[in-house]
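Right, one structure below, let's go through it.
Values in this text are rule-based calculations from the coordinates and carry no lab data. Just so it is clear, the model here is predicted, and its values are computed rather than measured. Because the Cβ atoms are built from the backbone with ideal geometry, glycine has one as well, and the counts that use them run over all protein chains shown.
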Amino acid sequence: MALLDKLNWRYATKKFDTAKKVSNEQLNTLLDAIQLSPSSAGLQAYRVIVVSDPKLKEQLREAAYGQQQLTTASHIFVFAAETGLDSLYVKNYIDRIAEVRGIDRSTLSIFENNINNNISSQTEDDKITWNKKQCYIALGVLVSAAAEAGIDACAMEGFDTAKFDEILGLKELGLTSAVIAPIGFRAEDDHMSKAAKVRKPKEELFIHL
Ligand SMILES: Cc1cc2nc3c(=O)[nH]c(=O)nc-3n(C[C@H](O)[C@H](O)[C@H](O)COP(=O)(O)O)c2cc1C
């Protein structure tokens, strides 16, 4: 199937088949895709928590207004933004670029200063919002990669952020939850699996100038 066919095949899965689990190999493919997601300045100022523990899934379902995706899914991805983006975080990132690309760190100082200037001009809340936006990009990559691999997923922001942070101990890790995606395989009786795609017509969506 070509990518467009797969994007037509996918849908926001409401109920997963609890008998079907995503294999480690399939899971790793999705982790690879998320790792390759683009992010602003390449900072990847987020972590992704992968939940497979049934008890945690139950707790998370309660904190997601009872949505059954959370307990029927094989795994739940929780995209969590860094809350303490600072010059040390940036320093570690710049160190990594120098190491991976084998270049002199001093050639990156303008880039590093630009990022630090950007960060210091933002409030703490603005920075978290910025990092949450990056989470959504990674979410988009996951949703497409899952479709490509024939794995179902549901992007979700219908959950209580404070409760998720509490259940997963995210505050202690300097993180806050942004968006989630349960993954697995659609249940045969998921009422949405046969629903036609509802999208704006192209003339309403695109503006060609
Ligand atoms: C950021 C985001 C948050 C969403 N939150 C939820 C949610 O909490 N629960 C849910 O069932 N679907 C959720 N959805 C799924 C959308 O309703 C769905 O993607 C949209 O209606 C288009 O349908 P399709 O994905 O099946 O093509 C969310 C989607 C996105 C992108």
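Name every residue in the stretch 136-145 that is in contact with a Ser or Thr (Cβ under 9 Å, 6 or more places away or on another chain) and within 24 Å of Gly66 (Cβ to Cβ), in order of residue number.
Start the filter on the stretch 136-145 by keeping residues that are in contact with a Ser or Thr (Cβ under 9 Å, 6 or more places away or on another chain), which leaves 137-142, 145.
Selection gives Leu139, Leu142.
This table checks each residue for (1) among the charged types (D, E, K, R); (2) part of a helix (DSSP H, G or I).
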residue: Ile167; (1), (2): no, yes
residue: Thr176; (1), (2): no, no
residue: Ile180; (1), (2): no, no
residue: Glu188; (1), (2): yes, no
residue: His191; (1), (2): no, no
residue: Arg199; (1), (2): yes, no
residue: Glu203; (1), (2): yes, yes
residue: Leu209; (1), (2): no, no
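Which residue out of Phe79, Phe16 is in contact with a Phe, Trp or Tyr (Cβ under 7 Å, 6 or more places away or on another chain) and over 25 Å from Glu124 (Cβ atoms)?
Being in contact with a Phe, Trp or Tyr (Cβ under 7 Å, 6 or more places away or on another chain) and over 25 Å from Glu124 (Cβ atoms) holds for just one of Phe79, Phe16, which is Phe16.
Only one of Val198, Val179 is among the β-branched types (Val, Ile, Thr), out of contact with any Pro (no Cβ under 8 Å at 6 or more places or on another chain) and loosely packed, with under 11 Cβ neighbours inside 10 Å; which?
Val198
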Original post:
Across the stretch 122-140, which residue is nearest to Leu3 (Cα to Cα) among those that are assigned to a helix (DSSP H, G or I) and away from the ligand (no atom under 16 Å from the Cβ)?
Top reply: Trp130
Subject >> Failed item, numbered, when Thr161 is tested on (1) touching a residue at least 60 places away in the same chain (Cβ under 8 Å); (2) within 14 Å of the ligand (Cβ to nearest atom); (3) polar (S, T, N, Q) >> reply: (1)
Original post:
When you go through (1) more than 15 Å from the chain's Cα centre (by Cα); (2) surrounded by 12 or more Cβ atoms within 10 Å (Cβ to Cβ); (3) of a type outside the set (D, E, K, R); (4) more than 16 Å from the ligand (Cβ to nearest atom) one by one for Met192, which number turns out not to apply?
Top reply: (4)
Original post:
Residue check: is Ile115 surrounded by fewer than 15 Cβ atoms within 10 Å (Cβ to Cβ), over 29 Å from Gln59 (Cβ atoms) and more than 16 Å from the ligand (Cβ to nearest atom)?
Top reply: no
